[in-house]
1. I need every pair where a residue in region 229-244 that is farther than 21 Å from Gly285 by Cβ and free of Cβ contacts under 8 Å to residues at least 12 places away in the same chain has its Cβ under 9 Å from the Cβ of a residue that is of a type in the set (A, V, I, L, M, F, W, C) and within 6 Å of the ligand (Cβ to nearest atom), sequence separation at least 6 or different chains.
2. From the list Thr239, Thr271, exactly one residue is within 13 Å of the ligand (Cβ to nearest atom), buried (at least 19 other Cβ atoms within 10 Å of the Cβ), of a type in the set (Ser, Thr, Tyr) and more than 21 Å from Val105 (Cβ to Cβ). Which is it?
3. Filtering region 91-145 down to residues that are among the basic types (Lys, Arg) and in contact (Cβ under 8 Å) with a residue 12 or more places away in the chain, which residue is surrounded by the fewest Cβ atoms within 10 Å (Cβ to Cβ)?
4. Can you pull out every residue in region 50-74 that is under 18 Å from the mean Cα position of the chain (by Cα), hydrophobic (A, V, I, L, M, F, W, C) and either under 21 Å from Tyr158 (Cβ atoms) or within 10 Å of the ligand (Cβ to nearest atom) (or both)?
5. Residue by residue through region 180-196, note down the ones that are surrounded by fewer than 14 Cβ atoms within 10 Å (Cβ to Cβ) and under 13 Å from Gly140 (Cα atoms).
6. Can you say whether Arg144 is away from the ligand (no atom under 12 Å from the Cβ) and either over 21 Å from Gly301 (Cβ atoms) or not small (Gly, Ala, Ser) (or both), as far as the supplied structure shows?
7. Residue by residue through region 292-321, note down the ones that are surrounded by fewer than 18 Cβ atoms within 10 Å (Cβ to Cβ), among the β-branched types (Val, Ile, Thr) and more than 22 Å from Ile230 (Cβ to Cβ).
8. Only one of Ser298, Ser307 is touching a Gly at 6+ places or on another chain (Cβ under 7 Å), in contact (Cβ under 8 Å) with a residue 60 or more places away in the chain and more than 26 Å from Gly48 (Cβ to Cβ); which?
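The values are calculated or read from the model by the stated rules, or taken from the named source; none is laboratory data. Values in this document were obtained by computation on a predicted structure and should not be read as measured data. Quick reminder, even Gly has a Cβ in these numbers, built from the backbone with ideal geometry, and neighbours come from all protein chains shown.
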Amino acid sequence: MQTEIINKLYWTGDLTDEELKQLIENRTEEDFALLSQKARSRCDEEYGNKVYMRGLIEFSSYCKNDCLYCGLRRSNRNAERYRLSKEDILNCCENGYRLGFRTFVLQGGEDAFYSDDLFCEIIEGIKKKFPDTAVTLSLGERSRESFKGLFDAGADRYLLRHETADSEHYGRLHPKELTLEHRMECLKTLKEIGYQTGCGFMVGSPYQTVDCIVKDLRFIKEFQPQMVGIGPFIPHKDTPFKEEKAGTLELTLFLLSVIRLLLPKVLLPATTALGTIDPTGREKGIKAGANVVMPNLSPVGVRKKYSLYDNKICTGEEAAECVECLRRRMQSAGGELVVDRGDSRIAVNKVL
Ligand code: SAH
C-alpha cells in the first residue's frame, strides 16, 4: 500500500512527477480509501461540508469548432441546434435565483451569433437584476480584448478546460486549427485580466496515458487555478470517438482526491458526466473531495439538444426538482448545499 506517498501528498501538497506516476499506476482500493479520506478532510478544513451550486445555462448548441469528442462539433449533422435569447437567459437566472443559486454559468458552443456586445448586455443584465450573484463564462477561446470587455462588463469567472496538457495528445483530440499553445495562452490571459479561472480535462479520453495525466496534474499545480473541472470522457454516438471506451468512475474519483490534495483551496465540481457514468457518481465525487455541483438551469425544452455526450442525466426535470434531488443526494454524502456565491479562497492576482 502506498501510505508513504499519500502522506507526503497530504502533508506537502505536492509530489514529484515520478511519484505521481507511481501513485496512479499502482493504485489500489486501499490506496483510494486512504487518499479520499485525506482529500475529504482537507476539503473540510478549507470549506467545511459546504457544497456550492452553480446554475448551468447552456445558451447555444451551435459551434464553429470540430473537437473529435464533442457531440456539438460542427460536422455533426444530427445535432439539433438552438440559441437562447437574452430574455431566455434572464428568465433562467430569475428561476435560478428563486431556487437559491448565486452563481450562473453561461456555457455554449463557440457561436459567433453572440457578439461581444450581446454578451456584455447579457452579463450587465444579470448583474443589474441580481447584484449579489457571480457570473461565470464558459465560451471557449476568444481574443484578449473580448475576454477583457466581458470582464469589464461584470463577468467574475471563466472556465476553459485545457483538455490535456500534452500537445501531441491535444492534437489527437482536436482538429489542427486548435492548438494546446493557444488554449494555454487564453488561460494565461484570463488569469492576468483578473478572472477566477478554471481549467481541467477529461478522464479517459482516447489516447490518454498516465504520462498525459501527470502533465495535467503538473500544469494544474503550477497554474494555480481557482477552479478545476474534471469528468470522465463519455463517447457520443455521432462523433469519430463513438466506439471509444468511456473514462472510469474509479480513476475520476482517484484524480479528484489527488487534485484536492495538490490544491486544497480549489473549487472542484462533481460533474454531470460523473453522475452520468454512475447513478451516485456525484455523491461519490463529494466524498472524494469535490465541493461544487452544477445543476442545469437551461429551459427543459432545449436540454436534450445540448448533447456533449450520450445519456446525459437531468435532461427531463425542471430545475426546482433537480435542486431538491441534489440537496438530498448531497446530504447522503455528508454535504450541505448552500445559498452562496461560493468564491474561491485562492487569491486572484491581476497582472495588468
Ligand atoms: N465551448 C466551450 C464549452 C465546452 S463544453 C469550451 O470550448 O470551453 C464543456 C466541456 O465538456 C469541455 O471542455 C469538455 O471537456 C467536456 N466534454 C465535451 N465532450 C465531452 C464528452 N464526449 N465526454 C465528456 N466530456 C465532454
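1. No pair meets every condition.
2. Values: Thr271 fails: more than 21 Å from Val105 (Cβ to Cβ).
Among Thr239, Thr271, only Thr239 is within 13 Å of the ligand (Cβ to nearest atom), buried (at least 19 other Cβ atoms within 10 Å of the Cβ), of a type in the set (Ser, Thr, Tyr) and more than 21 Å from Val105 (Cβ to Cβ).
3. Only one residue tops the list, namely Lys129.
4. Of everything in region 50-74, those that are under 18 Å from the mean Cα position of the chain (by Cα), hydrophobic (A, V, I, L, M, F, W, C) and either under 21 Å from Tyr158 (Cβ atoms) or within 10 Å of the ligand (Cβ to nearest atom) (or both) turn out to be Met53, Leu56, Ile57, Phe59, Cys67, Cys70, Leu72.
5. Listed by number, the residues that qualify are His182, Glu185.
6. yes
7. Val300
8. Values: Ser298 fails: touching a Gly at 6+ places or on another chain (Cβ under 7 Å).
That would be Ser307, the only listed residue that is touching a Gly at 6+ places or on another chain (Cβ under 7 Å), in contact (Cβ under 8 Å) with a residue 60 or more places away in the chain and more than 26 Å from Gly48 (Cβ to Cβ).
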